[in-house]
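The values are calculated or read from the model by the stated rules, or taken from the named source; none is laboratory data. What you see is a predicted model, and the numbers here were worked out from it, not measured in a lab. Cβ coordinates were reconstructed from backbone atoms using ideal geometry, including for glycine residues, and neighbour counts include every protein chain displayed.
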Amino acid sequence: MSSDPDPKESASSPGRIACVLLPRFNMMGLVSLLEPARIANYLSTAPLYGHDFHAVHPGEVTASNGMTLTCGPLPEKLTRDDLVIVAGSWGAEHYADAALISWLRRQARMGIRLCAVEMAPYVFARAGLLAGRQATTHWSYLAGFQEKFPDVLAAEQLFTIDGKIMTCAGSSSATDLMLHLIRADHGAGLVGEISDNIMHHPVRPANAPQRKTLGRGTESLPPGVAAAIDLIEANISEPLAVPDIARQVGISQRQLERQFNQAMGCSVVQFGLLLRLQHARVLLISTDLGVREISAASGFNSLSHFAYAFRKCFGRRPSEYRQAWPEQEDAPTWPGTLSKYLDTFQVNRRMRT
């Protein structure tokens, strides 16, 4: 369902890209989609693509970085050669009102190509466009997406193409998606020139992973540590005991603990706890699940233990964290990263030695 499109002959008239923007959309994802099309026009003897901006409520729409774009109403005269991009980021689902849902369903019935970027797959899922389909969203929200829409085949990859319905994780993956679409429209030669111009090599396939382990790169980790991290991530709701992890990795528990401390600056148990807390943090702001449900889904047997660990890590109780993003703020509160807390372990360890 997510295989790369096959090239086809060039269209005789410019293709229209209708961009539907939701409040707080990610500007990087939008620009990453549009720039390859702009470069395609620059390299061609005639314009190949045009774009315009739309919103449920016409007027200025503010991106998550504070920049604004002026948008017209939702377009009604689309053709099957057009491409609709729905761009949404933090809180995208909150802007999925009845008018937008109805409009999306109507375009889908007409066979219009529809693409949801970053958090906009939440809107597509709400509209029923992703049921039984493979779809993706930004990796940091994928767990919440899976919990909320179990009928969607969620996959942590760059983008998906299932007939006329596309989803994209956003940011730089939007460039890969657009280059694939341009290749389908106008061939690999043009895409090669565009890639040279924007210095984007190689063009990644749809099923390429969105991230490396915690931004640190699994290629720099000992194989046993990388394999252990994969196991921990795959068993968030039912954490494995350290001896079980060591046995599955194929090394002794003592070796695993030593390698883990050297590579990550913390114990296997500490790392697993932090990963489960990160998982809980995502569920708190991306789902309507209760705190008790989130505690269980994150592998905690005790609600009080979960609340204590969460507050110790992030400085707020889970219920407070869920309310930590005022409507007037362009970006959500996200106090600290997992790398920060891993670094804290390393500092504490140096102080003890």
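Using the structure shown, decide if Glu147 is more than 21 Å from the chain's Cα centre (by Cα) and among the acidic types (Asp, Glu). Walk me through how you get there before you give the answer.
Working: more than 21 Å from the chain's Cα centre (by Cα): no; among the acidic types (Asp, Glu): yes.
In short, no.
Determine, yes or no, whether Glu293 is surrounded by fewer than 17 Cβ atoms within 10 Å (Cβ to Cβ), within 26 Å of Glu93 (Cβ to Cβ) and touching a helix residue (DSSP H, G or I) at 6+ places or on another chain (Cβ under 7 Å). Break it down into steps so the answer makes sense when it comes.
On the way: surrounded by fewer than 17 Cβ atoms within 10 Å (Cβ to Cβ): yes; within 26 Å of Glu93 (Cβ to Cβ): yes; touching a helix residue (DSSP H, G or I) at 6+ places or on another chain (Cβ under 7 Å): no.
Spelling it out, it is not the case that Glu293 is surrounded by fewer than 17 Cβ atoms within 10 Å (Cβ to Cβ), within 26 Å of Glu93 (Cβ to Cβ) and touching a helix residue (DSSP H, G or I) at 6+ places or on another chain (Cβ under 7 Å).
Does at least one position in segment 72-83 carry a residue that is in a loop (DSSP other than H, G, I, E, B), modelled with pLDDT of 95 or more and acidic (Asp, Glu)?
yes
Being under 22 Å from Leu283 (Cβ atoms) and in the same structural domain as Met27 (by TED's automatic domain parsing), is that true of even one residue in segment 156-165?
Applying the first criterion (under 22 Å from Leu283 (Cβ atoms)) to segment 156-165 yields 156-157.
Keeping just the survivors that are in the same structural domain as Met27 (by TED's automatic domain parsing) gives 156-157.
Checking segment 156-165: at least one residue is under 22 Å from Leu283 (Cβ atoms) and in the same structural domain as Met27 (by TED's automatic domain parsing).
Residues are listed down the side, and each one gets a yes or a no for (1) buried (at least 21 other Cβ atoms within 10 Å of the Cβ); (2) part of a strand (DSSP E or B); (3) of a type in the set (S, T, N, Q); (4) without any contact (Cβ under 8 Å) to a residue 40 or more places away in the chain:
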residue	(1), (2), (3), (4)
Ala87	yes, yes, no, no
Val117	yes, yes, no, no
Phe124	yes, no, no, no
Ser140	no, no, yes, no
Thr160	yes, yes, yes, no
Met178	yes, no, no, no
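Determine which member of the set Ala63, Ala37, Ala55, Ala18 is under 19 Å from the mean Cα position of the chain (by Cα) and either among the basic types (Lys, Arg) or at pLDDT 90 or above (or both).
Values: Ala37 fails: under 19 Å from the mean Cα position of the chain (by Cα); Ala55 fails: under 19 Å from the mean Cα position of the chain (by Cα); Ala18 fails: under 19 Å from the mean Cα position of the chain (by Cα).
Only one candidate passes the filter, namely Ala63.
Report yes if some residue within segment 145-152 is part of a loop (DSSP other than H, G, I, E, B) and touching a residue at least 60 places away in the same chain (Cβ under 8 Å); otherwise report no. Talk me through it step by step, then tell me what you get.
Our first condition is that a residue be part of a loop (DSSP other than H, G, I, E, B); within segment 145-152, this holds for 149-152.
Still in the list and also touching a residue at least 60 places away in the same chain (Cβ under 8 Å): none.
Within segment 145-152, not a single residue is part of a loop (DSSP other than H, G, I, E, B) and touching a residue at least 60 places away in the same chain (Cβ under 8 Å).
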